[in-house]
Amino acid sequence: MWHSEEVIRSFLLFLAAAFLARGSDSLDPAFERIPFDQWINEHARPPFRWSVPAPRPQMSFHQRFVAQLEAKMDGRDLESRRDDGELIFFFQITAPDGTRFQNHNGVDLKKLDPNIKSADLQCIQHAFVLPGDYRLAVGVLDTKTGEHGATQLQFRVPAQHNMPAESWQALPAVEFIGPEEAPDSFFLPAIQGHLQWAAHVHSPGRLNVIMNIAPSLPTRGTHRTYSGELAALLPTLKVFSETGSSSLSEHVALLDLARRRTAFEQDQVHDLDWPRLESSLGVSNTASIDVHSLQERHHDAQFFVSQVRGVLRASEGAPCTLVVIATPVSFESGEDMEPISREALPACSVFYIRYHEPRERNIGPHDPRFERARMGRYGGGPMRTRFPLEVPDQLEGTLKPLSPKVYDVETPDEIAKAISDIAKSLH
């Protein structure tokens, strides 16, 4: 039989080689070693209890829909398998045009929790998907016994979104997301697809993007995390680098306002230099600040002002757009809060995207936000909802003479609306 010990041993060796040899093709070579289509058509009940819920795609901070593909196995059926071998999960998505996209993941059965019988095993795979109707097929193989199962279902990716119409025109229908550790998991450097949110721009222009990467100081009652902020800010920065326009000249600068330094700078951006950018995050992702930085903290605001002035001066001679991306910034008492002067600066459209990490809080009918938060729920008791806590921000005041358009955002959709407005403003 095809699942004899010799064939299974060869299959495991092939899986390892196939994984290393995979390129950008939509088909996974590992599927060539199993009768996947036969499994799908068998309609036989597998020798274990498992389920595959329908994906519910959500918009991500990468401004692409993400589908979570999940296979869940009953832990009671895995107790007897805690020996050797692997469970290999096969995921196949068929796009609206019939194109198939495949990937696989493995679980080492020797590493199962001793108490697995009282829990479930989940195998999760994420994928970027474009709007449309898809068919998902999932298979699983126990490499020791050859036992297998397969199922398929339909799911839909909604067409509604706030991004410019041309943004997704060059993207594949499906792109699997590999496992990464932070901060790679925020930036996703292995993803090949690129947005084109400003592809309609054919006249010369200068796009400047400044982002503050210093961790924001938490206010009383909050538990803000640097990683939580980067999980939204880094994808947003990446999106802004994917204009899709050869006419736009782009400059990116990452500022660490807490240490008054330019952590990263890149001119004529087509693809962000992720290795160099990633290394620049290391110093900022620490709780300690050197004594000199602490002694000079009353100059933080003017450092920001000077950086903005320098970027705008370098934009002389071309239509200029400045995008500032930051979390709310509160400066020290006694800080020099003199706003930027427009003197000797070129005209420039300025946009400030101010990100608030959402938090959950209990609110009741006495709170003015209760009515808009309950979203159709009824009753007079307290409820738990999500909204950005009021964190004071003083960065906006330093930009006031430039008449910035300010966007307070906490979701990918709200950031997409800002990007759409910026795209419309470009000539």
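The values are calculated or read from the model by the stated rules, or taken from the named source; none is laboratory data. Keep in mind that this is a model prediction, so the values were computed, not measured. All Cβ positions, even for glycine, are placed from backbone atoms using ideal geometry, and neighbour counts span all protein chains on display.
Quick notes on this one:
- Strands (runs of 3 or more DSSP E) completely within the stretch 343-427 that count 3 or more residues being modelled with pLDDT of 50 or more and touching a strand residue (DSSP E or B) at 6+ places or on another chain (Cβ under 9 Å): 348-355, 405-409
- Residues in the stretch 80-95 that are touching a residue at least 40 places away in the same chain (Cβ under 8 Å) and either loosely packed, with under 14 Cβ neighbours inside 10 Å or not assigned by TED's automatic domain parsing to the domain that holds SER51 (or both): ASP83, ASP84.
- Flag if ARG56 is closer than 20 Å to PHE176 by Cα, among the basic types (Lys, Arg) and out of contact with any strand residue (DSSP E or B) (no Cβ under 6 Å at 6 or more places or on another chain): yes
- Residue in the stretch 248-258 that is over 25 Å from GLU316 (Cβ atoms) and assigned to a strand (DSSP E or B) present: yes
- Leading residue by the ranking (nearest to VAL409 (Cα to Cα)) among those in the stretch 318-336 that are surrounded by fewer than 19 Cβ atoms within 10 Å (Cβ to Cβ) and either acidic (Asp, Glu) or touching a residue at least 40 places away in the same chain (Cβ under 8 Å) (or both): SER330
- Tally of residues being of a type in the set (Asp, Glu), surrounded by 15 or more Cβ atoms within 10 Å (Cβ to Cβ) and within 30 Å of ASP77 (Cα to Cα) across the stretch 138-190: 2
- Residue match in the stretch 106-127 (condition: loosely packed, with under 14 Cβ neighbours inside 10 Å and within 21 Å of the chain's Cα centre (by Cα)): yes
- Qualifying residue in the stretch 17-24 (condition: out of contact with any Gly (no Cβ under 9 Å at 6 or more places or on another chain) and at pLDDT 50 or above): no
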